[in-house]
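Values in this text are rule-based calculations from the coordinates and carry no lab data. Bear in mind the structure is a predicted one, so any value in this text is a computation, not a measurement. Quick reminder, even Gly has a Cβ in these numbers, built from the backbone with ideal geometry, and neighbours come from all protein chains shown.
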Amino acid sequence: MKKRNQISKIILKKFIFLLFTFMIFTSYLRADSRWVEIEIYSDVSKINDCYIFINSYEKYLEKVDETVMGDDIAVLRDTQTLYNYNYNGTGIVVPPLTINIELDDGDYPNGTTQIWGQGDVGFYYPDQSYYAIGNDVLQSDEAFVEVTSASYPPVGYTYRTSALSSSSWNWVSFPVLDPDYVDPIDYVLEPILDDLDEVLHQQDEIYKDNQGQWQNEIGDFRSVDGYKIDMDDDVELEVAGWLEDPSTVMYLDEDVSKGPWSPMLGIGNWIGCFVPGSTAWQTAFSQIMDEITFIKADDWSYVKGYSVPSSFCTVDYGKLYVVGVSEDCSFTWTTFGKGSNPYVKPETIIFTYEEEADYMPIFVDDTDALDGVDEIGVFLCEECIGASVIEEFPVFIPAYVENTLIKEDVELTFRTACYDDKSIMKNMSIFVYDEKEKDFIEDIVVLDNMNSALIKLGIGEDIEIPTEFSVHQNYPNPVKGTTTISFTLPEDNKEAQVTIYNIKGQIVKELEASVSNKGFNAVWDCTDKSNKPVSSGIYFYNVTSGEYSEMKKMLLAQ
């Protein structure tokens, strides 16, 4: 008898140990799962026809899990038919009742409202004609629902908001992603699709086809990758998920697509920075500096043997960096969050230009010709395609390339300006560094996004801004996206009003003018006074300055 009791105790201990282990294991699983625990309360003892749904994204619930009462609960589904929860098919629910609901894929699209907090789980009782969400009860106060515990989101789940500008291409990455919601169209970009124009990743893109359907050549988003995003309007994009592990290894491929001239740049590896904070660029890339041939950032660039960026230039959280390497290699981001401030390229005041998806990096070395100069602009024909404020030498100038096309046989010109006298610019002579000669020789620079140039500028001819009133035809015309209206003013006139009219003579928008290399210009982004896109058709622009006024016609072909 004593021996039997001992055996019983041993079995009981083993059972308790196994039960305790199982409880720990299941709680561990539950902590990392998408589960929400809720309780139903009511002042009435029985409830008929209890319908359950989660009020998120206008989707509803279907069968998912079995409760303590032996019935099935629901997950989200697209149809609006609610799942009828009842007790053994009798149509009666007996509260209080604790229910665990497992959230399925589609419950948590990035950017949607949190639904694991109290007040987001709802129940509908048609026979009693009352409706409850959280502790709020409409039409009756006889029942309510409470989220008693929420194990989702799991530890580390967070949100990150990115500000996307419509005035320039956004060089971004997504440090925070949920592996279940990385499809760009259905989840990550879904909240901003109405304002999105295009997304690029290396040679692939996300775009809207002629039928208005979004096409995705990129595939799922990854935190280790970077992207270029073009917006039609300024937006804030909220993305949910887990922050990429800072120790994640990134693998870079040697470039095989290179330009025909030396130094030969390529498409590069489009990598994302997923480590919070900022750090000096040389520190961030210290592990692979010997292999790197070039780096393109939105505000700075490095080309091996040609130019070393300023020590102020940084690698920043949530940004894209295009990196070329001489051989396959790997590395991890290092030394972030040490107090470095993100570098921001100063905006030019005199030279104005429009950013494109890619650029040719040009570096201007110091010469006596640049004494007292504040800005340097690079021109394709008469169009400024890039400019920079002189902070230190060499000066980095991004020469933007439209649609990444080589402008063959069309040489670039360079102009300088100073803030003391904005009305006078200089057209400079050009000396290009030649690798074979190991010296600067007088030569031309041809625009090519797979090339770069190190140049010096010599004394050139003064360019005086015209002092007569003249309004030029807008460019481009027909208009698609944006157009620039250029004009000159008499010497005594320093201000002008630029107004856009529709074909009915109604004011569409009033624009602000700025000083440019041609005198003055104003840019219209094809929106009205409320910043909403206007329809295609004929429009007019009128420039007025004092007693001077002139109107011209343009065609919008969006």
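Annotations for the structure displayed:
- Here is the list for segment 175-246: GluC sites (Glu not before Pro) lying in DSSP coil, each with at most 15 other C-beta atoms within 10 angstrom of its C-beta, are Glu217.
- 5 Å binning of all Cα-Cα separations within segment 307-368, expressed as whole percents from 0 upward: 3, 9, 15, 23, 22, 15, 8, 4, 1
- Cut-off 15 Å between beta-carbons: net charge of the residues surrounding Asp290, Lys and Arg +1, Asp and Glu -1: -3
- Cβ-based exposure ranking for Met425, Met264, in which fewest neighbours within 10 Å come first: Met264, Met425
- Residue order, fewest to most beta carbons within 10 Å, for Asp245, Asp197: Asp245, Asp197
- FRET efficiency, 1/(1 + (r/R0)^6) with R0 30 Å, evaluated for Asp366 and Ser257 via beta carbons: 0.35
- Given Lys296/Lys436; Lys345/Lys553; Lys480/Lys504; Lys228/Lys258, the pairs whose alpha carbons are separated by over 28 Å: Lys345/Lys553
- Per residue convex hull volume, Cα atoms of segment 358-464, in Å³: 100 Å³
- Over segment 470-556: Rg over Rh, Cα atoms, Kirkwood Rh: 0.95
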